[in-house]
1. Can you grab the distance from the C-alpha centre of the range 41-76 to the C-alpha centre of the range 5-38, Å, no decimals?
2. With labels modelled as points extended 7 Å from the Cα through the Cβ direction, what inter-label distance (nm, one decimal) is found for Arg67 paired with Phe55?
3. Quick one: among Cys60, Cys47, Cys28, which has the greatest mean-square fluctuation in a GNM of the chain with alpha-carbon springs under 10 angstrom?
4. Rounded to whole Hz and in sequence order, give me ³J(HN,Hα) for the range 49-60 from the Karplus expression 6.51 cos²θ - 1.76 cosθ + 1.60, θ = phi - 60°, writing x for Gly and Pro.
5. DSSP loop (so not H, G, I, E, B), at most 14 other Cβ within 10 Å: list which chymotrypsin sites (Phe, Trp or Tyr not before Pro) in the range 3-83 pass both filters.
6. How large is the helix-only mean residue ellipticity at 222 nm for the chain, computed as the sum of -39500 (n - 2.57) over DSSP H runs with n ≥ 4, divided by its residue count, in deg cm²/dmol to the nearest 500?
7. What ratio of Cα Rg to 2.2 N^0.38 Å holds for the chain?
8. Give me the extension gain from Gln3 to Thr42: residue separation times 0.36 nm, minus the current Cα-Cα distance, reported in nm with one decimal.
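Just so it is clear, none of the values below were taken in a lab; they were calculated from the coordinates. Source: prediction; values computed, not measured. Glycine also receives a Cβ, built like all others from the backbone with ideal geometry; neighbour counts cover every protein chain displayed.
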Amino acid sequence: MIQLTTATAIEKAINKARTVKPRVRVNCFGSYTVTNKQTGATYTVECLKRDGKRFAHCSCAAGKRGRAGYHVAAAVGAHIQLAAEQASH
Ligand SMILES: [Zn+2]
């Protein structure tokens, strides 16, 4: 499980996501499938909130070790957008 603190903490991953531009598919609110369009590799990222803290979980090797990679950054970006859309309705 990866704890998401500030955007700065995952800035490197965000920059990588901007370069790689993976495809993010929404499975449901909080669950995303991230695809690397170059390699075709897919990863499942889950975003959740517990005790007011935000966490993410990624199915890749780095994610399992608690490291936030670009998969997490891409999914979190989609998650925040989705949360904002839901809040505006
Ligand atoms: Zn990952």
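1. Rounded to whole Å, the Cα centres lie 9 Å apart.
2. Distance between label points: 2.1 nm.
3. Of Cys60, Cys47, Cys28, the most mobile in the Gaussian network model is Cys28.
4. For the range 49-60, the Karplus curve yields 10, 9, 6, x, 9, 9, 10, 9, 9, 10, 6, 7 Hz.
5. Details: sites: Phe29, Tyr32, Tyr43, Phe55, Tyr70; in loops: Phe29.
Answer in residue order: Phe29.
6. Working: 3 runs with 32 residues, N = 89.
Mean residue ellipticity at 222 nm (helix-derived): -11000 deg cm²/dmol.
7. On the way: Rg = 12.2 Å, N = 89, 2.2 N^0.38 = 12.1 Å.
Ratio of Rg to 2.2 N^0.38 Å for the chain: 1.00.
8. Details: separation 39, 0.36 × 39 = 14.04 nm, distance 2.15 nm.
So the extension gain works out to 11.9 nm.
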